[in-house]
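Just below is one structure, and these are the notes that go with it.
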Amino acid sequence: MLSVGLIGLGTIGRVHARNIAANPEMHLAAAFDPVAARMREIADMFGARGAAHLDELLDAKDIDAVVVGSSTDTHSDIATRAARAGKSVYCEKPLDLSLDKALATAEAIRPTGVPVMMGFNRRFDESHAALHHAVKDGSIGRLQLVQMTSRGPNAVPTDDYIRASGGFYRDKGVHFFDLLRFITADEVAEVSTMGAALSDPAIGALGDIDTFIVALRMKSGALVQIDNTRRAIYGYDERIEVFGTGGLVESGRTPRRMVTRSSGDGFLSEGLHANIFERFGRTYYAAMAAFGQFVRNRENSVPSLDDAIAAQIIAEAVVIAAREARTVTISEVIGGARGA
Ligand SMILES: NC(=O)c1ccc[n+]([C@@H]2O[C@H](COP(=O)([O-])OP(=O)(O)OC[C@H]3O[C@@H](n4cnc5c(N)ncnc54)[C@H](O)[C@@H]3O)[C@@H](O)[C@H]2O)c1
């Protein structure tokens, strides 16, 4: 039984609390959030003890692993302290908003040797993972094109969330930069982009965008297009296709249920999921279960610190490409981060 301490009890923290509690091989021992009411709620709901402060949870001898689901600006500090305290770490993305700080955090954590997994949950979507397997088994031949679309939900995050998010490219884009590396088992060579605030003027007023297209060239030569929007009025719409000399494999748009009604006016399909937690709910459970297995046997492959850094480097390249309206190479960003 893996005894887990959960840090950060906001939106994603509650998802993790439910999944840890539902996992027969995990036990939610303790939780911490500076907002006392949230701790009381989680403690009451799952029988976990609320920690008076972070160190109490990190020093607790009965806790094997911590899940870091707190605000982004706290991840690097908490993950480093947890690793130094000898706890296995599941850390929400991103490791840090600053690439330099993320690199320094990874450097600080690696020598501890503790198992670390990053919360790139989309890798655990069965349909998306099928694309990874299709590329791996060679059935689509030489990869030519990857197209990734993610739109929605029909709501946008709060102003506070947007302000702390690091911007749309780093916040949501990073999931797709990670998925792209996972699906293709290839690395990005260069990126270009266009972004705009088109649906929600408040997002534009905060200096962020709600719509982007990113074009990427992989080292293999394959070409990729990613488009993302913060809002889609018809629900959560995500699909990915990989196309190559051997054909096409697609992870399609998933309706809430596979129901189609027919009437005199034609066919009407079931609508899309209302939000990311409906669409990808199962992936958060699967990711947490994979973390438990990883801590136990260290054999299964989970998103690592290196994956976190790689995805963040791509996001950084895209941010520069947007700011300077030019194509940016990944080697340029790596050189810059190393102070070259
Ligand atoms: N993998 C995913 O799909 C996914 C989805 C949502 C959020 N996230 C990530 O999870 C993180 C949290 O997002 P959220 O939407 O839950 O935000 P949120 O604002 O709802 O919750 C953040 C919580 O962290 C707490 N907190 C702040 N400082 C803390 C500290 N020092 N110690 C402990 N707790 C602290 C806050 O009080 C709050 O309860 C972000 O980094 C976000 O990028 C990932």
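The values are calculated or read from the model by the stated rules, or taken from the named source; none is laboratory data. Not measured: the values here are computed from a predicted model. Cβ placement follows ideal geometry from the backbone for every residue including glycine, while neighbour counts extend to all protein chains displayed. Just so you know, the surface numbers come from the protein's heavy atoms only, side chains and all, with ligands and any DNA or RNA stripped out. Shrake-Rupley method; radii C 1.70, N 1.55, O 1.52, S 1.80 Å.
Below are the figures for this structure:
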item	result
The chain: relative contact order as a whole-number percent, Cα under 8 Å and 6+ apart	19 percent
At least 24 Å along the helix axis (C-alpha) and Kyte average at least 1.0, DSSP helices within the chain	305-324
Trypsin sites (Lys or Arg not before Pro) within segment 241-318, DSSP loop, no more than 12 other Cβ atoms inside 10 Å	257, 298
Euclidean distance of C-alpha centroids, segment 1-34 and segment 57-135, integer Å	15 Å
Relative contact order (%) - segment 80-219, alpha-carbon pairs under 8 angstrom, separation at least six	20 percent
Per-residue [θ]222 nm for the chain (sum of -39500 (n - 2.57) over DSSP H runs n ≥ 4, rounded to 500)	-11500 deg cm²/dmol
Using a Förster distance of 51 Å, the FRET efficiency for residue 293-residue 324 (Cβ separation, nearest 0.05)	0.75
Global size of segment 187-249 as Cα Rg and Dmax, reported in angstrom	14.8, 46
Segment 1-139, accessible surface, carbon-and-sulfur percent (1.4 angstrom probe)	51 percent
Whole-number accessible area per residue in Å² for segment 114-198, which is evaluated in the context of all protein chains at 1.4 Å	40 Å²
q = 0.06, 0.13, 0.15 Å⁻¹: log10 I(q)/I(0) that the Debye formula gives for the chain, counting C-alpha atoms only	-0.22, -1.05, -1.37
DSSP bridge pairs, the chain: antiparallel proportion in percent, nearest 5	55 percent
Scattering profile of segment 213-321 at q = 0.10, 0.14, 0.19, 0.22 Å⁻¹ [log10 I(q)/I(0), Debye over alpha-carbon scatterers]	-0.49, -0.93, -1.30, -1.30
Ellipsoid semi-axes in whole angstrom, largest first, where each is sqrt(5λ) of the Cα gyration tensor of segment 1-158	31, 19, 17
Share of carbon and sulfur in the accessible heavy-atom surface of segment 152-201 [1.4 Å probe, %]	56 percent
Three principal axis lengths of segment 2-66 [C-alpha, angstrom, descending]	28, 25, 18
Accessible surface, segment 3-76, averaged per residue in Å² (probe 1.4 Å)	43 Å²
Pair residue 301, residue 219: separation of 7 Å Cα→Cβ label points (nm)	1.4 nm
In segment 25-63, GluC sites (Glu not before Pro) in a DSSP loop with at most 12 other beta-carbon atoms within 10 Å	25
